[in-house]
Amino acid sequence: MASIVSNLSSTISRLTLLRKPSLQFTIRNLQNFNRHRQFGTPTPHFLHNSNNHATPHFSSSPKPQSTSALGQDEELIVLGIETSCDDTAAAVVRSNGEILSQVVSSQADLLVKYGGVSPKMAEGAHSLVIDQVVQEALDKAKITEEDLSAVAVTIGPGLGLCLRVGVRKARKIAGTYALPIVGVHHMEAHALVARLVERELQFPFMALLISGGHNLLILARDIGHYIQLGTSIDDAIGEAYDKTAKWLGLDLSKSGGPALEQLALEGNQDSFKFKVPMKQHKDCNFSYAGLKTQVRLAIESKNIDATIPIASTSSEDRRVRADIAASFQRVAVLHLEDKCQRAIGWGLKIEPSIKHLVASGGVASNKYVRSRLYNMVEKNGLQLVCPPPSLCTDNGVMIAWTGIEHFRMGRYDTPPPACEPDDALVDIRPRWPLGEEYAEGRSEARSLKTARIHPSLTSQIQASLEKQPL
Ligand code: KG4
Ligand code: ZN
C-alpha cells in the first residue's frame, strides 16, 4: 500500500502545503493577504492537465492538525462552484458553518426536451448560466468578490467539458481578486457536507454516497483520507432510478428519482419479483445494470408505452406502472442495505470507534431510502446522518464547505495569474478515485477500467504528509 502511494504521488499532485506554523497564523496571514493582496507571484501548478503528469509542488510544512467540523475560526468566507454534472451551482459559506447563499440552476428542462443530455449540451448549458449563478450567490450573500477568503471548485470526478466551465470561472475570480483556490473532489464534498450539518460528526465515520454517477461505500478516517470499501461496477443507483422513471413515462422535470419515489407510494412493492443484485458476491460493490434490464423487460412485457405520460394514462396502466416503480425501489434499496450491512462489519473491524454512517448524494434525499437505511444502521448500533435533501443533491454549499475543511488544513493553491488565457490547460480530473481500495475487500466482480484514472485524492494527500518533517 505504501509503495503504491509513493509511486502515485511521484506522478502528480495538485496540493501545495504552504509553510504554516499554525492554523491561526495562516488565517491571519490570509486576512492580511485579503486586505493587501500581497501573495507574491502565484505558482500556476493548478494548470496541470490530468494526463500531463508533472513534478509535485510541496513545500515543507508542519503536519496539519485535524480539526473539528465547526468552530475556532469565524473568519473565512468561501465561494463554492459546482459544474461536474448537469446542475450549475454556487454558494457562499462561512467557516462557522453559516450558509450565506445557495443557488442551483438545473438542466432538467433539457433532459425533458431531448430525453437526455450530451456532454456538449451540458457544457453549453453551464456556460450559459455560470456567470449569473455565481453573481446571484454573491448578491444573495450580500457580499462582493472582495469579501471572499478563497474560491473552492469541483475539479473531478465528472464530465470533463462541464468541470472545465466551473474551473475556468473559479480561476477567473481567483485570478482577478488574488484569492487562493481549492480544487474539490465531488464525492468527498457529498460526504463532508454532513459535518456542516451534524456538528457531532467526528472522524472516523462511514459513508454511503449514492448519486447519478457513483455508488461509494467509504470509511472516512480524516479530511482527505478515505478507504474505499465498495463502489459501483457498472451503473449507479441514480442512473437506475432515472432510466426506470423514463421508461415508465414519468415527468422528468425534477429528474427521474423524485418522480419515481412519488409514484412508488401508490404501488405494491411485492408485485414484481426482481432479483436483488450481487447476492453471491461477498464484497461491498454495487451493480444496477442487471436490475435495469429486469425492469425494462417487465415494462416491455406489460406493453407500457412511455410516450404516453403517466398523467394521461388509464388507471389500470397507472397501477401497473406504480407496481413496477415500487418493486424496483424495494430491490434497489435492498441491494444498498446488503452492501452497507457488510461494509459496517468491515468498517468496525478497521476502526472500532466508528459511531456514524453518513448517507449522502442525490438518492439519499429519497424518504424510503432514508427510512430503510435508518433502521439498518440503528440495528447495528450506529447513527445515520443524512444531510437535508437540498444538501444531498448537487449543490455549491458542499463544495464551499469542503474547500473550508481543506483550507484549514493548509491545502490550497496560490492564486492563478490575473489574466490567464481562456485556452490555458486547467487541472480537471474526470476519473478520480476518492480513496484507496480496502485490500481485503477486493473482488473478482470488479471490472472497472483503470486507464487514465487519476491517483486517488487519499494517496496524494498521504504521500504529501509522508514527505513533511515530523
Ligand atoms: O448527487 P446528485 O445530485 O448528482 C450526481 O452527482 O450525480 O444525484 C443525482 C441523482 C439522479 O440520478 C437523481 O434522479 C437522483 O440523484 N435523485 C433521487 C432523488 N432525488 C434525486 N433518486 C431517488 N429519489 C429521490 N428523491
Ligand atoms: Zn453529486
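The values are calculated or read from the model by the stated rules, or taken from the named source; none is laboratory data. Note that the coordinates shown come from a computational prediction; the quantities given were computed from them, not determined experimentally. Neighbour counts are summed over all protein chains in view; Cβ atoms, including those assigned to glycine, are modelled from backbone coordinates with ideal geometry. Surface areas here come from the heavy atoms of the whole protein model, side chains and all, with no ligands, DNA or RNA. Shrake-Rupley method; radii C 1.70, N 1.55, O 1.52, S 1.80 Å.
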Report, by residue number, each residue of segment 229-260 that is more than 15 Å from ligand 1 (Cβ to nearest atom) and crowded, with 21+ Cβ neighbours inside 10 Å.
LEU229, GLY230, GLY249
Would you mind stating whether SER371 is of a type in the set (S, T, N, Q), assigned by TED's automatic domain parsing to the domain that holds GLY212, surrounded by fewer than 23 Cβ atoms within 10 Å (Cβ to Cβ) and in contact with a helix residue (DSSP H, G or I) (Cβ under 8 Å, 6 or more places away or on another chain)?
no
Taking only segment 385-402 into account, find how many residues are more than 13 Å from ligand 2 (Cβ to nearest atom) and within 13 Å of the chain's Cα centre (by Cα).
2
Checking GLY166, GLY175 in turn, the sole residue that is open to solvent by less than 10 Å² (accessible area, probe 1.4 Å), away from ligand 2 (no atom under 16 Å from the Cβ) and touching a residue at least 40 places away in the same chain (Cβ under 8 Å) turns out to be GLY175
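Yes/no per residue for (1) free of Cβ contacts under 8 Å to residues at least 40 places away in the same chain; (2) open to solvent by 70 Å² or more (accessible area, probe 1.4 Å); (3) within 16 Å of ligand 2 (Cβ to nearest atom):
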residue: MET278; (1), (2), (3): no, no, no
residue: LYS292; (1), (2), (3): no, no, no
residue: ARG319; (1), (2), (3): no, yes, no
residue: ALA326; (1), (2), (3): no, no, no
residue: LEU334; (1), (2), (3): no, no, no
residue: GLY345; (1), (2), (3): yes, no, no
residue: ALA359; (1), (2), (3): no, no, yes
residue: ASN375; (1), (2), (3): yes, yes, no
Please indicate, with yes or no, whether at least one residue in segment 192-201 is aliphatic (A, V, I, L, M), buried (at least 24 other Cβ atoms within 10 Å of the Cβ), within 16 Å of ligand 1 (Cβ to nearest atom) and in the same structural domain as SER353 (by TED's automatic domain parsing).
no
Given the criterion in contact with a Lys or Arg (Cβ under 7 Å, 6 or more places away or on another chain) and either surrounded by 15 or more Cβ atoms within 10 Å (Cβ to Cβ) or of a type in the set (D, E, K, R) (or both), identify the matching residue among PHE286, PHE272.
PHE286
Any chance GLY403 is in the same structural domain as THR154 (by TED's automatic domain parsing), closer than 20 Å to SER84 by Cβ, at pLDDT 90 or above and in contact with a Ser or Thr (Cβ under 6 Å, 6 or more places away or on another chain)
no
Any chance segment 410-424 includes a residue that's outside the structural domain of LEU216 (by TED's automatic domain parsing), outside any loop (DSSP other than H, G, I, E, B) and out of contact with any Ser or Thr (no Cβ under 6 Å at 6 or more places or on another chain)?
yes
Some residue of segment 139-155 being buried (at least 24 other Cβ atoms within 10 Å of the Cβ), more than 16 Å from ligand 2 (Cβ to nearest atom) and of a type outside the set (Val, Ile, Thr):
yes
In segment 196-226, which residues are among the charged types (D, E, K, R) and in a loop (DSSP other than H, G, I, E, B)?
GLU198, ARG199, GLU200
